[in-house]
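Step one of this worksheet: look at the structure below.
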């Protein structure tokens, strides 16, 4: 079955530690995205990538880093510089990036990060 | 400023009843509007997409409407089921920079 796989589902981290969230897709989608979801707020864009080896900052990129070495993979690292990292993180992908307005975002099941 | 506002924030109805969720947006120029359903602890799933020229679109018991003049959309759920309990998110795509703006969602609870 085609889709997006995020891991781990739940993650606990001590303050000061970096943590990497995995996102893998087998949909052959070009564009991939990372969003953060907090209670009572809309999804906020952290980073996005339109093509391999290229990515752009979203609205709240500070304290996060990404890589796009393969089309299928777009891991997100939450660094110790992120002041409030406890949140639900969602990875998404779409067929193509800018200019293809009708594309639907396909989301993964999410990763819940809790900082202790 | 591009914004998407949804109402109500939360809604509780009895199983079998109908309900309507609202979405107002100020995104311009407008490309399309989607409604997503998000079950608790899961990722959102697309229900419908509306473009500028479309007024109504149905997906089973879900019917979305769009008034591009007043920049309003609604999602009507008919004969609600317990499985409809979820958050419903309105998402608008801007035409100029392809930016995607998410509403905060409406949390729907269906009681047996």
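Just so you know, all these numbers are worked out from the coordinates, no wet-lab data involved. Everything numeric in this text was worked out from a predicted model, so none of it was measured. Because the Cβ atoms are built from the backbone with ideal geometry, glycine has one as well, and the counts that use them run over all protein chains shown.
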Given (1) within 19 Å of residue B:5 (Cβ to Cβ); (2) more than 14 Å from chain A (Cβ to nearest Cβ); (3) in a loop (DSSP other than H, G, I, E, B), number of the condition residue B:80 does not satisfy = (1)
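Kindly indicate whether residue A:61 is part of a loop (DSSP other than H, G, I, E, B), surrounded by 15 or more Cβ atoms within 10 Å (Cβ to Cβ) and touching a residue at least 40 places away in the same chain (Cβ under 8 Å). It would help to see each step written out before you state the result.
Details: part of a loop (DSSP other than H, G, I, E, B): yes; surrounded by 15 or more Cβ atoms within 10 Å (Cβ to Cβ): yes; touching a residue at least 40 places away in the same chain (Cβ under 8 Å): no.
Taking the combined requirement at face value, the residue does not satisfy it.
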message = I'm told residue B:32 meets every condition in (1) assigned to a strand (DSSP E or B); (2) closer than 23 Å to residue A:40 by Cα; (3) over 11 Å from the mean Cα position of the chain (by Cα) except one. Can you identify the failing condition by its number?
response = (2)
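Select, from A:11, A:45, the only residue that is within 13 Å of another protein chain (Cβ to nearest Cβ), in contact with a strand residue (DSSP E or B) (Cβ under 7 Å, 6 or more places away or on another chain) and closer than 18 Å to residue A:87 by Cα. Can you show your working first?
Values: A:11 fails: within 13 Å of another protein chain (Cβ to nearest Cβ).
Just a single option satisfies the conditions, and that option is A:45.
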query = Taking the stretch B:19-46 as the region of interest, how many residues are touching a residue at least 24 places away in the same chain (Cβ under 8 Å), more than 18 Å from residue B:92 (Cβ to Cβ) and within 12 Å of chain A (Cβ to nearest Cβ)?
reply = 2
task = Working carefully through the options B:60, B:16, find the one that is over 15 Å from the mean Cα position of the chain (by Cα) and more than 20 Å from residue A:92 (Cβ to Cβ).
result = B:16
message = Here's a check for you: in the stretch B:92-112, which residue that is within 11 Å of chain A (Cβ to nearest Cβ), out of contact with any strand residue (DSSP E or B) (no Cβ under 7 Å at 6 or more places or on another chain) and touching a residue at least 40 places away in the same chain (Cβ under 8 Å) is surrounded by the most Cβ atoms within 10 Å (Cβ to Cβ)?
response = B:99
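Condition check ((1) exposed (fewer than 15 other Cβ atoms within 10 Å of the Cβ); (2) within 12 Å of chain A (Cβ to nearest Cβ)) across all residues:
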| position | (1), (2) |
| --- | --- |
| B:48 | no, yes |
| B:58 | yes, no |
| B:63 | no, no |
| B:73 | no, no |
| B:76 | no, no |
| B:84 | no, no |
| B:90 | no, yes |
